[in-house]
Amino acid sequence: AQSVAQPEDQVNVAEGNPLTVKCTYSVSGNPYLFWYVQYPNRGLQFLLKYITGDNLVKGSYGFEAEFNKSQTSFHLKKPSALVSDSALYFCAVTLIKAAGNKLTFGGGTRVLVKP
Amino acid sequence: GAGVSQSPRYKVAKRGQDVALRCDPISGHVSLFWYQQALGQGPEFLTYFQNEAQLDKSGLPSDRFFAERPEGSVSTLKIQRTQQEDSAVYLCASSPGLAHSYEQYFGPGTRLTVT
C-alpha cells in the first residue's frame, strides 16, 4: 500500500518570503513523486516530479522540491512567494507497474500568500 | 495544444438517476485515469485504461460504477442509480504512457451533485 501525508492544512506566507509545503510518503519500493497545484474550478496542474537522479528537482513557476529518502519526504519550496501562488497544492506518489501508475494523493495544503 | 477536456462540467442528478461523464484525453495519450475528489480531500483513484484495455478498476467504489474506453481514446464513466455519497468532482487524466513521462495531465473535472 502507498500513502501520502501533508501535515499542514494551510500555510500562510507573506509575499516575497520563502514558501515550504511539506509532504511525507510511505511506499514499498522506489517512489515516483509529484506535486500538483489546483486553482478554483480548474483541474490539477503538474508542477514537478522526482523519478530518479538528483534529489533536488526544479519545476514550473520557480518551484522546486527536495527528495529525502531517509526521511521519506518530498517538500515543495519556492524562494520568494507570489500572491498568485495562492492555491491548493497536492503531493502524490506512485510505483511504476505494468498495470499503470495510479497516483495516491495527500489531502492537500492550501497556500495563502498575503501581499 | 488541446488539453484534457471533460463534459459536462457540472451535473445535477436526482438520487437514483443514471449519469454518464465524458473524458477526451490528449490526442495520442495511451494511458487514461479516472479519479474521484470529494470536497476538501485529495483525488482518489478509480480506474485505469491502457488504450482500450481496462487494466485496473480496483478503485471503483461499487458495481454501480462502470467505465469504458472502447476505441482507446474517449472514455465514459457511468454511474448507475446515483446516491448522495457519489457527489464529488470526477477528474480524468491522461498520460503518454512512455518511459520517463509519468506525469498525468488532468482535465477540469465534472462536478456531480446528487440531490
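In the set A:D54, A:D85, which member is modelled with pLDDT under 95 and of a type in the set (D, E)?
Residue meeting the stated conditions: A:D54.
From the list B:P96, B:P61, which residue is out of contact with any Ser or Thr (no Cβ under 6 Å at 6 or more places or on another chain), more than 11 Å from every other protein chain (Cβ to nearest Cβ), free of Cβ contacts under 8 Å to residues at least 40 places away in the same chain and closer than 28 Å to A:Q6 by Cβ?
Going through B:P96, B:P61 in turn, just one is out of contact with any Ser or Thr (no Cβ under 6 Å at 6 or more places or on another chain), more than 11 Å from every other protein chain (Cβ to nearest Cβ), free of Cβ contacts under 8 Å to residues at least 40 places away in the same chain and closer than 28 Å to A:Q6 by Cβ: B:P61.
Would you point out which residue out of B:Q54, B:Q50, B:Q6, B:Q41 is within 24 Å of B:Q84 (Cα to Cα), surrounded by 13 or more Cβ atoms within 10 Å (Cβ to Cβ), within 12 Å of chain A (Cβ to nearest Cβ) and free of Cβ contacts under 8 Å to residues at least 60 places away in the same chain?
Of the residues listed, the single one that is within 24 Å of B:Q84 (Cα to Cα), surrounded by 13 or more Cβ atoms within 10 Å (Cβ to Cβ), within 12 Å of chain A (Cβ to nearest Cβ) and free of Cβ contacts under 8 Å to residues at least 60 places away in the same chain is B:Q41.
I need a count of the residues in the stretch A:75-115 that are in a loop (DSSP other than H, G, I, E, B) and open to solvent by less than 20 Å² (accessible area, probe 1.4 Å).
6
Among (1) within 10 Å of chain B (Cβ to nearest Cβ); (2) part of a strand (DSSP E or B), where does A:V57 come up short?
With (1) within 10 Å of chain B (Cβ to nearest Cβ); (2) part of a strand (DSSP E or B) applied to A:V57, the lone miss is (1).
The values are calculated or read from the model by the stated rules, or taken from the named source; none is laboratory data. Worth saying up front: this structure is predicted, and the values here are computed from it rather than measured. Don't worry about glycine lacking a Cβ; one is built from the backbone with ideal geometry, like all the others, and counts go over all protein chains shown. Just so you know, the surface numbers come from the protein's heavy atoms only, side chains and all, with ligands and any DNA or RNA stripped out. Shrake-Rupley method; radii C 1.70, N 1.55, O 1.52, S 1.80 Å.
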